[in-house]
Structure formats: structure tokens, C-alpha cells
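Okay, structure first, notes after.
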């Protein structure tokens with residue numbers, strides 16, 4: 001299960017990333033962000049370029065810099081929107097404030113319904129971005145990809161990754177169905193395409209491989225060779 005050891009309180013989570021840029025319409029002049037960052041860079045001269053990346057990152061976390069969001073929008077075509085509790089993730093504006101360069105593979109240690117239920121529980125403290133159902137490969141999205149889910153047990157990895165939860169148990173390989181592998185691979189391929197993530201074991205990792213994680217999922221029966229082969233095939237199909 002995607003539990004996390006982060007010890008942030010609900011109030012500190014909201015303060016740590018619940019602010020994004022509101023997009024400006026076409027034909028408007030430079031936004032407040034461009035003016036402020038430009039002024040800072042001009043003041044610092046050559047040194048301004050050295051801090052520009054940090055300024056960009058922190059800009060999205062300042063009050064008033066909110067991005068427009070459409071209720072119920074999903075990042076993966078065909079996914080069902082089942083929102084997690086806001087206590088189980090941080091609002092962000094990835095990849096502009098945090099680069100996305102990893103996918104973390106999880107197994108629920110329970111059912112699809114159980115995963116959705118605990119992700120909606122504000123006391124749970126954790127949620128992955130997606131849950132894949134074993135029976136038919138149906139995908140629920142619980143957190144937008146631009147936001148930071150508390151799923152890896154390591155905040156640095158949370159900020160850089162998207163979590164995919166799979167229905168089942170680590171010691172029951174029969175639960176890892178063809179439909180689930182295929183659907184998850186299509187999902188992973190889309191994520192890799194959106195953020196330029198290489199399809200390899202350095203960038204698509206197990207929950208237990210996250211530094212500091214105290215979990216064993218997806219376990220020894222998860223077929224990594226098969227899964228990466230399916231992700232590569234789906235990636236090739238997307239390229240056409």
C-alpha cells in the first residue's frame with residue numbers, strides 16, 4: 001500500500017505547494033511573473049541566470065499564482081476521476097516547479113475499492129496518482145499529474161514521480177492479470193511521452209526501490225521484463 005513517512009501536518013502541506021500560476025489569455029502583455037523574474041535577473045546581472053531556476057520553482061508556490069483547473073479533468077484518456085483527499089497530496093504545477101522523471105509502481109495489498117477508499121481518507125496520509133483495476137484494467141485517476149502525491153515515502157521522489165497503484169497482493173501473482181499489465185503499460189507510456197521519461201528500470205521503479213521506503217511492493221512476482229516490453233510497445237504505437 002502507498003503509505004508515506006512524511007510527517008507534515010495538514011496545514012503545512014497546504015502551505016507547501018498549494019499555489020500555482022493562473023494562465024494568461026492570448027494577446028496580453030507580459031505577466032506579473034515575467035516582470036518580477038526579469039527585474040530580479042536584471043538586478044543580479046550575470047548571477048541572475050544562476051538563480052533563475054530556483055526563482056521559477058518558487059514562483060508557483062507564492063500566494064496568488066494559481067493555475068486555472070477544470071473540475072474532473074484527467075491526464076490519461078479514459079481514466080475515471082475519483083479525487084483523493086487534499087490532505088494526501090500537495091498542489092503544485094509540475095513540471096514547471098518540479099521535474100517529473102520517474103514512475104513508481106505500487107501494489108495495493110488489497111482491492112481496487114480499498115485503494116480508492118483510503119486515498120479519500122484525510123487521515124491516511126498517502127495517495128498515488130492512479131489506481132489500475134485487475135479485472136478489466138480500468139484506470140482511476142485520483143490526483144492530477146501536475147500535483148505531488150504522497151505515495152513514495154520520500155518527499156524528493158514524490159516531487160519527481162507519478163505513482164501507479166495496482167490492485168492485488170505481492171504474494172498472489174495470479175492477480176496480476178493481462179488486462180492490468182496492458183492497461184498500466186498504456187498509462188505508463190503516456191506518462192513517459194508527456195514528460196520525456198526513458199522507458200527503463202532506472203526511471204520506472206518499484207516502490208521498494210525508493211530510498212527510505214519500508215514497503216516490498218510490487219513484490220517478487222511483478223514481471224518487470226513483460227511490463228517494460230509492453231510499455232515500449234505502447235510507446236512505439238504512440239509514435240505511429
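Quick check on the range 71-239: of the DSSP beta bridges with both residues there, what percent are antiparallel, nearest 5%?
30
Compute the Kirkwood hydrodynamic radius of the range 134-213, taking the inverse of the mean of 1/r over all pairs of distinct Cα atoms, and give it in Å to one decimal.
Answer for the range 134-213: a Kirkwood hydrodynamic radius of 13.7 Å.
How would 144, 226 line up from fewest to most surrounding beta-carbon atoms within 10 angstrom?
Ordered by Cβ neighbours within 10 Å, fewest first: 226, 144.
If R0 is 35 Å, what FRET efficiency do you get for residue 136 and residue 99 from their C-beta distance, rounded to 0.05?
E between residue 136 and residue 99, to the nearest 0.05, is 0.60.
Below 8 Å between Cα atoms, with a sequence gap of 6+, how large is the relative contact order for the range 81-129 in percent?
60
To the nearest whole percent, what portion of all C-alpha pairs in the range 58-183 is separated by more than 19 angstrom?
Of the Cα pairs, 47 percent sit more than 19 Å apart.
Report, to one decimal in Å, the Kirkwood hydrodynamic radius for the range 77-129 based on all distinct Cα pairs.
12.7
Among 185-191, 209-215, 90-96, 159-165, how do they line up from the highest to the lowest mean number of other beta-carbon atoms within 10 Å?
So the peptides 185-191, 209-215, 90-96, 159-165, ranked by packing, come out 159-165, 185-191, 90-96, 209-215.
Every number in this text was worked out from the coordinates using simple rules, so none of it is lab data. Everything numeric here is computed off the predicted structure, so don't read it as measured data. Counting neighbours? That spans all protein chains shown, and the Cβs are built from the backbone with ideal geometry, glycine included.
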